[in-house]
Amino acid sequence: MTRQLAAPKTTVALAPRPAGPAAATPGAAPLPVPPGAVSAGAASSDTASTDTASAAAASPGAAALSTAGLVTVLLGAFLPMLDFFIVNVALPTIDHDLAAGPAVLELVAAGYGIAFAVLLVLGGRLGDNFGRRRLFVVGAAAFALTSLACGLAPGAWSLVAARAAQGASAALLIPQVLGTITAATHGARRGRALSVYGAVGGISVVIGQVLGGMLVAADLFGTGWRSVFLLNVPFALLALVLAVRYVPESRAPKAARVDVPGTVLLTAALLSLLLPLMEGRAAGWPLWSWLLLALFPVFATAFAVVEYRAERRGDTPLVPPSLLRIPEMRRGLGIALPYFGGFGGFMFVVAVALQQGLHLGPVAAGWALVPMAVGYFAASLSGPRLIGRFGSRVLTAGAVVQALGLTTLALTVLADWAHFSPLRMAPGVALAGIGQGLIGTPLFRVVLSKVPAERAGVGSGVLATSQQASLALGVATLGTLYLALAPGLGMDRALALVLGIQLLGSFTIFYLTTRLPRSIG
């Protein structure tokens, strides 16, 4: 059981889980992928002097975000992203040391993601109200403390509780990063900042996978798996200290009361969707999992009604319906669903195939996806220049390149599975990575481009929550399909079929991107 669990868990660590996957065994549940794994960015023709001046005016009372400030908030974003990946390779060792068992072990991984997802929008609202730098500092301190609690956990259930608290602290931290960038930068400077943000999310995939395997194997000072949590502590404290010095404060001009009914209903809706998707397979799909899934549309509808009525009364809802009426946000979120869903499913099934089909170890499986990370990183960095010249057509081109990569990989799988190897899969995954980077680079910019600065935190939280839910949904659907078909069809044909389904998602993205305005503001 430990060996079987190791493959999937490590597997998931590969997903940019900027929703990551789950165990590769039929009873395993998909692990969530962190927000931010995908890049964002855009450019404009503004001059550097105009950018600097307008950045200061991006949010009432907000100073421009300096390079040191950008590095600081990116460090704060990198740690929660990394933690999705780095912990998965340690799960088999945790199982051995704490006698956790498969179900509890799933909660160690999924507890982080569930708390992360359900509190993201609330974290963005709190930043809008009380100050994004202040919440960033609080989130960094909480992340350091909860990471320490994870590293010192004496038993399996105390580790589960500490991981859930760690996910809650990440939900305070992440929205402040995009919120600060949106509020304290403008024009081409904002585009470059968002592009680097996306690149950081991309490289966290490989770094988390490889570093986690190396730390567990090294057993530093006899800490074993605990080092993957303890590593967070000094870096989170460093981000806290730097934030006080370099990150400008920004907030909404008028503080709004926390929308308690909306918060409760959104939490209930997300829990009713994510909890059965992440834990249902591990528990054998019991009755409670189906009841929760049936309640999801009820909670979602009630949430929409409550938010609509609150805004009509003049209150400030958790997710203002008027925010979703912004065409760029609505259309961008429409692209996000097939993009993130397909991406999460892709990373899961490819990683399972690498470890169970090719019998690669954790570190080797991570290195096999380096060509994808390199392609993604390069596309993220070149994104602002391309967007400044070609606008939203960059997303359209990205959908085409991603489709070519998926087709190449599927043909390679079907041609000679017996000799399939990381080297042979490199062209396909590299093309897929380039295409994904070209889509993800402007996607954040499209969604957030018309969001008012005073709603930057809430807009960022909505986007991150949508990303998280889409990734989890993709892993649950495509991952379950793959695991169900592999025993009968064989790993090669099951993998090719899943790649074909994701190819349909690329066609959907292609069509939706042609409906976007050519210029990205």
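The values are calculated or read from the model by the stated rules, or taken from the named source; none is laboratory data. Just so you know, these numbers come straight off a predicted model, no measurement behind them. Ideal geometry is used to build each Cβ from the backbone, glycine not excepted, and the neighbour counts take in all protein chains shown. What goes into the accessible areas is simple: the full protein's heavy atoms, side chains included, and nothing from ligands, DNA or RNA. Shrake-Rupley method; radii C 1.70, N 1.55, O 1.52, S 1.80 Å.
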Among the candidates 409, 438, 395, which residue alone is open to solvent by 10 Å² or more (accessible area, probe 1.4 Å) and modelled with pLDDT of 80 or more?
438
Which residue pairs have Cβ atoms under 8 Å apart, sit 6 or more places apart or on different chains, and have a first residue in the range 392-417 that is within 14 Å of residue 507 (Cβ to Cβ) and a second that is not in a helix (DSSP H, G or I)?
395/516; 396/514
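Yes or no, residue by residue, for (1) closer than 14 Å to residue 239 by Cβ; (2) at pLDDT 95 or above:
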{"site": "128", "(1), (2)": "no, no"}
{"site": "133", "(1), (2)": "yes, no"}
{"site": "142", "(1), (2)": "yes, yes"}
{"site": "154", "(1), (2)": "no, no"}
{"site": "163", "(1), (2)": "no, no"}
{"site": "172", "(1), (2)": "yes, no"}
Is at least one residue of the range 162-185 of a type outside the set (A, V, I, L, M, F, W, C) and open to solvent by 10 Å² or more (accessible area, probe 1.4 Å)?
no
Hey, could you check the range 160-173 for residues that are among the hydrophobic types (A, V, I, L, M, F, W, C) and out of contact with any Leu (no Cβ under 7 Å at 6 or more places or on another chain) and say which is farthest from residue 81 (Cα to Cα)?
161
Does the range 264-275 contain any residue that is in contact with a Leu (Cβ under 9 Å, 6 or more places away or on another chain), among the β-branched types (Val, Ile, Thr) and open to solvent by less than 30 Å² (accessible area, probe 1.4 Å)?
no
With respect to the numbered conditions (1) within 21 Å of the chain's Cα centre (by Cα); (2) within 22 Å of residue 265 (Cβ to Cβ), which one is the sole condition not fulfilled by residue 128?
(1)
When the residues of the range 347-374 are narrowed to those that are under 16 Å from the mean Cα position of the chain (by Cα) and either open to solvent by 20 Å² or more (accessible area, probe 1.4 Å) or more than 15 Å from residue 486 (Cα to Cα) (or both), which ends up modelled with the lowest pLDDT?
347
Quick one: count up the residues across the range 290-324 that are within 15 Å of residue 125 (Cα to Cα), part of a helix (DSSP H, G or I) and within 25 Å of the chain's Cα centre (by Cα).
2
